[in-house]
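S.K.: Questions regarding the structure given below will be posed in turn.
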Amino acid sequence: MPRLLKVDCMDERQKICVAIAVAFASAFALVCFSLAAQMRGTSGYVADETWYVISSRNILREVFGVQPSYVDFSGRYNYTVFFQSRSALKNDNERFRNFIINEFDGAITKDYDKAIAISIATFKELDREAVVRVFPEVKVIQSGYCYPDVSGADSYMNAEHPPLVKYILGLSMLTLGDHPIIWRIPGIIAGSLALLITYFLVARLLNDEAIALLVFPLAFTDPILRAMSSVAMLDIYVVFFLALSMWFALRRNYFLSAIFIGLASTSKFTGIFSIGALFLLMLILRRSGVKKLIFYPFVVPFLVWLAFNSPLVIKWGLQGWIGEIQNGLRWFLTSRPPGPTVSDPWGWFVNQSPFMLSSNPDVFASVNPAVYILALISLIFTPYIAYKANRDSIVPAFWFLFTFLGYVSIYFLGNRTMYSFYVVTLSVMAYAMACTLLYYFISYLESRSKSSHQSVSGAKGQSFSSFNIFIFFDKIRNNIPRFSRLKGRKDEIGPGNADEAQGLRRAWVEVGVSHSAVSGLFFSPFPFCIRSQEFRKWKERWRSGWCR
């Protein structure tokens, strides 16, 4: 019976932590949604989402034969009409405008300088065949949100990057409508889920649901994840799939881990870097035969990548597709022309020349350096932690190390135009590693305190807890009646509980006055500290599920 009671209490504790984690992830999604809705960009497009959104539309049209639609707040259907040549557009410009106004009760919404196109909005759906009959020089009639003013917008497929994210963006626009906030919703979902997965990863890694909640203050104080979750770019999907690959690697399901590495690689080639992490993990743990050691890390991701490229192979032909892949790899290893600010891979951790994502409002791809410094320190101590305490700590460390070394390799192979938003790929790994370091740092301080036999009121042996918010409310819940009684009726305190009274007074004075060094690193809003013995008492109550 006592054993059953303990299990029930543990289930209750887990449910509390999971509920808090879901609430934090939902709050993160709302913050990202608010930021995404505020971004205006240029004609609605922010940073590099220009290229990914237009290529998503073009792939839908050219590969799958469908187009998204956009009906604005006035109830008008929006189209971008591309002409075959600039001279044709110039010759037909006035006549085309009058035709749209008279025949379809429409209006011209945008003229272009670089693109050979006109954007229009009509209260009636456009009869494409009628338009082409009257204007045979029309090349493409694309329904949906207006295109940005870039050359070759109607045919750009973004072939230098794998296609999976373009499929996701296209599906979102096809089902929910072609509008900036719709492009960004899948990224918001991916970023929020990646954060939640990281919580479960840390909870399993450390067997402690409470310490895993540290993932959320780390993420909320790290601008990069919030910023990249709010724009329609590729990197946040790599983060999501790599978080899943780490989760399944931790569970020793290497096949599913390899599948998600394949999906990350099909989102952006940078997902390939984690192949080395999975291979080394399987090699060190020695739980797989030679066939699986080769098949899972190398063959499975390639097959996933190939499967999602098959529609493009059918469209372009095998030879044309191979040529596009070769061009993409050359582009991947080559510096770009002068443009946005660039930074070195090691400069990302200290905000060297952060990339501007938006100027309205101002959004930069910057980080909280303290989080990544903690992760780098954790990386140094990972061999010791893995040998002495927890072998599974190598999972996020391997993913972090191989991903970072991959970027460094690309840098030295010739691509010196590295942008600070690339660091988001390392973010969830950094959160897991920082939590691991803090957990074992606290454990170390506790063990030192035990060995030196420090008392509650001693001046030494003080450890700093990153669970200050839980300790704070736990103290309120358990000690307010007792503390009030001690404060108001000192004469009733007998010799038997004088030490307890002194300890309570000292603990409550310290709450809100002393600042935790660990909490201060990530700017915790609850910077309270507490002594080792009291922390152990609190942790015992927490581990028992708050059963009374």
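S.K.: Determine, yes or no, whether R13 is out of contact with any helix residue (DSSP H, G or I) (no Cβ under 9 Å at 6 or more places or on another chain), farther than 24 Å from S358 by Cβ and not in a strand (DSSP E or B).
M.R.: Details: out of contact with any helix residue (DSSP H, G or I) (no Cβ under 9 Å at 6 or more places or on another chain): no; farther than 24 Å from S358 by Cβ: yes; not in a strand (DSSP E or B): yes.
It is false that R13 is out of contact with any helix residue (DSSP H, G or I) (no Cβ under 9 Å at 6 or more places or on another chain), farther than 24 Å from S358 by Cβ and not in a strand (DSSP E or B).
S.K.: Now, a different point. Quick check on T109: is it touching a residue at least 24 places away in the same chain (Cβ under 8 Å) and in a helix (DSSP H, G or I)? Full working, then the answer.
M.R.: Working: touching a residue at least 24 places away in the same chain (Cβ under 8 Å): yes; in a helix (DSSP H, G or I): no.
The answer is no for T109.
S.K.: Considering only residues that are among the aliphatic types (A, V, I, L, M) and either out of contact with any Phe, Trp or Tyr (no Cβ under 9 Å at 6 or more places or on another chain) or assigned to a helix (DSSP H, G or I) (or both), which ones fall in the stretch 30-53? Walk me through how you get there before you give the answer.
M.R.: Within the stretch 30-53, the subset among the aliphatic types (A, V, I, L, M) is 30-31, 35-37, 39, 46-47, 53.
Selection gives L30, V31, L35, A36, A37, M39, V46, V53.
S.K.: Follow-up question, since we're still on this one. Being among the β-branched types (V, I, T), within 15 Å of L60 (Cβ to Cβ) and in contact with a Ser or Thr (Cβ under 7 Å, 6 or more places away or on another chain) is the filter; apply it to the stretch 165-206 and report the residue that is surrounded by the most Cβ atoms within 10 Å (Cβ to Cβ). I'd like the intermediate steps shown before the answer.
M.R.: Just the residues of the stretch 165-206 that are among the β-branched types (V, I, T), to begin with: 165, 168, 175, 181-182, 185, 188-189, 197-198, 202.
Among the residues that remain, those that are also within 15 Å of L60 (Cβ to Cβ) are: 165, 168, 175, 182.
If we keep only those that are in contact with a Ser or Thr (Cβ under 7 Å, 6 or more places away or on another chain) too, we end up with 165, 182.
Working: V165: 26, I182: 20.
The selected residue is V165.
S.K.: Now for a separate question. Just for the stretch 242-257: of the residues that are crowded, with 24+ Cβ neighbours inside 10 Å and not aliphatic (A, V, I, L, M), which one is nearest to L196 (Cα to Cα)?
M.R.: Start the filter on the stretch 242-257 by keeping residues that are crowded, with 24+ Cβ neighbours inside 10 Å, which leaves 242-243, 245-246, 249, 254, 257.
Checking which are not aliphatic (A, V, I, L, M) leaves us with 245, 254, 257.
Details: S245: 14, Y254: 21, S257: 17 Å.
If we take residues in the stretch 242-257 being crowded, with 24+ Cβ neighbours inside 10 Å and not aliphatic (A, V, I, L, M), then S245 is nearest to L196 (Cα to Cα).
S.K.: If a residue has to be under 20 Å from G41 (Cα atoms) and of a type in the set (D, E) to count, how many in the stretch 331-389 make the cut?
M.R.: Qualifying residue count, the stretch 331-389: 1.
S.K.: So which residues in the stretch 362-384 are buried (at least 20 other Cβ atoms within 10 Å of the Cβ), out of contact with any Leu (no Cβ under 7 Å at 6 or more places or on another chain) and β-branched (V, I, T)?
M.R.: V367, T382
S.K.: Test S87 against the criterion of being in a loop (DSSP other than H, G, I, E, B), outside the structural domain of K268 (by TED's automatic domain parsing) and at pLDDT below 95, and give yes or no.
M.R.: Values: in a loop (DSSP other than H, G, I, E, B): no; outside the structural domain of K268 (by TED's automatic domain parsing): yes; at pLDDT below 95: yes.
No.
S.K.: So which helices (runs of 4 or more DSSP H) are wholly in the stretch 210-297 and hold at least 3 residues that are in contact with a helix residue (DSSP H, G or I) (Cβ under 9 Å, 6 or more places away or on another chain) and modelled with pLDDT of 95 or more?
M.R.: Values: elements: 215-220, 223-229, 235-250, 254-267, 274-285, 290-294.
Here the list reads 215-220, 223-229, 235-250, 254-267, 274-285.
S.K.: Restricting the search to the stretch 73-104, which residues are over 20 Å from D154 (Cβ atoms) and touching a strand residue (DSSP E or B) at 6+ places or on another chain (Cβ under 6 Å)?
M.R.: Once the filter is applied, which keeps residues that are over 20 Å from D154 (Cβ atoms) and touching a strand residue (DSSP E or B) at 6+ places or on another chain (Cβ under 6 Å), the stretch 73-104 yields R76, F104.
S.K.: Restricting attention to the stretch 20-35, does a residue exist that is more than 27 Å from G177 (Cα to Cα), surrounded by 19 or more Cβ atoms within 10 Å (Cβ to Cβ) and not assigned by TED's automatic domain parsing to the domain that holds V140? Spell out the reasoning first.
M.R.: Residues of the stretch 20-35 that are more than 27 Å from G177 (Cα to Cα), as a first pass: 20-24.
From what's left, surrounded by 19 or more Cβ atoms within 10 Å (Cβ to Cβ): 21, 24.
So of that shortlist, the ones also not assigned by TED's automatic domain parsing to the domain that holds V140 come out as 21, 24.
The answer is yes, given that some residue of the stretch 20-35 is more than 27 Å from G177 (Cα to Cα), surrounded by 19 or more Cβ atoms within 10 Å (Cβ to Cβ) and not assigned by TED's automatic domain parsing to the domain that holds V140.
S.K.: Then there is this: Take the conditions in a strand (DSSP E or B) and touching a Lys or Arg at 6+ places or on another chain (Cβ under 7 Å) and apply them to I120. Does it pass? Before the answer, list the steps.
M.R.: Details: in a strand (DSSP E or B): yes; touching a Lys or Arg at 6+ places or on another chain (Cβ under 7 Å): no.
The answer is no for I120.
S.K.: Go through the stretch 255-297 and give me each residue that's hydroxyl-bearing (S, T, Y) and over 28 Å from the mean Cα position of the chain (by Cα).
M.R.: Initially, the stretch 255-297 is screened for residues hydroxyl-bearing (S, T, Y), giving 257, 265-267, 270, 274, 288, 296.
Passing the criteria: only S288.
S.K.: Ok, one more. Please go through (1) assigned to a helix (DSSP H, G or I); (2) assigned by TED's automatic domain parsing to the domain that holds L426; (3) of a type outside the set (S, T, N, Q) for L174 and return the number of the only condition it doesn't satisfy.
M.R.: (2)
S.K.: Next up: So G328 ticks every box in (1) assigned to a helix (DSSP H, G or I); (2) of a type in the set (G, A, S); (3) modelled with pLDDT of 90 or more but one. Which box is left unticked?
M.R.: (3)
S.K.: Filter the stretch 119-169 for residues that are among the aliphatic types (A, V, I, L, M) and under 39 Å from the mean Cα position of the chain (by Cα) and give the result.
M.R.: Initial filter on the stretch 119-169 (among the aliphatic types (A, V, I, L, M)): 120-121, 126, 130-132, 134, 138, 140-141, 150, 153, 157, 159, 164-165, 168-169.
Correct list: I120, A121, V140, I141, V150, A153, M157, A159, L164, V165, I168, L169.
S.K.: Report yes if some residue within the stretch 397-415 is surrounded by fewer than 19 Cβ atoms within 10 Å (Cβ to Cβ) and of a type in the set (G, A, S); otherwise report no.
M.R.: Within the stretch 397-415 (the criterion being surrounded by fewer than 19 Cβ atoms within 10 Å (Cβ to Cβ) and of a type in the set (G, A, S)), the answer is yes, since at least one residue qualifies.
S.K.: Look through the stretch 73-111, keep the residues that are of a type in the set (S, T, Y) and touching a Ser or Thr at 6+ places or on another chain (Cβ under 8 Å), and return whichever of them is surrounded by the fewest Cβ atoms within 10 Å (Cβ to Cβ).
M.R.: Here is the first cut: in the stretch 73-111, the residues of a type in the set (S, T, Y) are 74, 77, 79-80, 85, 87, 109.
Narrowing the set further to residues that are touching a Ser or Thr at 6+ places or on another chain (Cβ under 8 Å) leaves 77, 79-80, 109.
Details: Y77: 19, Y79: 29, T80: 25, T109: 15.
Across the stretch 73-111, the extreme among qualifying residues is T109.
Per-residue answers, yes or no, for (1) modelled with pLDDT under 90; (2) of a type in the set (V, I, T); (3) on the phi > 0 side of the Ramachandran plot:
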site: T403; (1), (2), (3): no, yes, no
site: G406; (1), (2), (3): no, no, no
site: M433; (1), (2), (3): no, no, no
site: Y439; (1), (2), (3): no, no, no
site: L445; (1), (2), (3): yes, no, no
site: S463; (1), (2), (3): yes, no, no
site: F467; (1), (2), (3): yes, no, no
site: F472; (1), (2), (3): yes, no, no
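The values are calculated or read from the model by the stated rules, or taken from the named source; none is laboratory data. Since the structure is predicted, the reported quantities are computational estimates derived from the model, not experimental observations. Ideal geometry is used to build each Cβ from the backbone, glycine not excepted, and the neighbour counts take in all protein chains shown.
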